[in-house]
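The values are calculated or read from the model by the stated rules, or taken from the named source; none is laboratory data. What you see is a predicted model; the values in this text were computed from it and never measured. In this analysis, Cβ positions are derived from the backbone assuming ideal geometry, glycine residues included, and neighbour counts consider all displayed protein chains. All accessible areas refer to the heavy atoms of the entire protein, side chains included, with ligands and DNA or RNA removed. Shrake-Rupley method; radii C 1.70, N 1.55, O 1.52, S 1.80 Å.
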Amino acid sequence: ALAQRRAPDTGMVGVGVSVGVDIPSAPALDKGLDLAANIEGYLTPRVSVRGQLGGAWWDIVGQRFAGTVKPLYVDGNIVYNWEGGAVHPYVTAGIGMYRFRFEQAGLEGSDTKAGFNFGGGVEYFFTPRATVTGEVLYHKVDSFATPVTAFGDGSFWRIAMGMKTYFNW
């Protein structure tokens, strides 16, 4: 009977990966590819705690010198989902650390900032323990600077699709 528990359920773990696009708020940064992995522990069938590690690649545009910014983030979130049969919509919010690694005009460096995020998504169960996910998150992060350019806002939108599977712990 334990092996046949519904997912998600209290004590289960969900592991997922996703790929998406980031849309930075700073006009000098172009949208770019984002990859993320997450692990989620279920406190109840509806509430989980999620850790997410992600990274992206953004081009610096419209400046005197070309370059790239590669944000790396680690977020901790609370997630609430609604039962909907095969479809489970959810909302999430949390805090994180954001490290902006950059290369511009032959100079390299990084700047680290704290931030928070919120958003939501949907999981579609195509098997009793595996889902396809879609998610939109807004990451609010303060300004950061390279030796050549100061970016007034490190915030960005993340729109992603992925897959997730559930395990008994």
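Modelled spin labels at residue 157 and residue 78, positioned 7 Å past Cα toward Cβ, are 2.6 nm from each other. Accessible surface ranking for 129, 99, 1.4 angstrom probe, highest first: 99, 129. The shape of the range 58-155 can be summarised by an equivalent ellipsoid whose semi-axes, obtained from the alpha carbon gyration tensor, come to 35, 14, 10 Å from longest to shortest.
State the percentage of accessible surface on the chain attributable to carbon and sulfur atoms; use a 1.4 Å probe and exclude ligands, DNA and RNA. Reported share for carbon and sulfur atoms: 67 percent. With bins 5 Å wide beginning at 0, the percent of Cα pairs of the chain falling in each bin runs 2, 9, 18, 21, 15, 11, 9, 6, 5, 3, 1, 0, 0. Couplings for the range 140-147, taken from phi via the Karplus curve 6.51 cos²θ - 1.76 cosθ + 1.60 with θ = phi - 60°, read 9, 9, 5, 5, 9, 9, 9, x Hz in order; Gly and Pro are left as x.
Across the protein chains, with a 1.4 Å probe defining accessible surface, the residues 100, 118 rank 118, 100 from largest area downward. For the range 102-157, the C-alpha radius of gyration sits at 1.70 times the compact-globule guess of 2.2 N^0.38 Å, with N the residue count.
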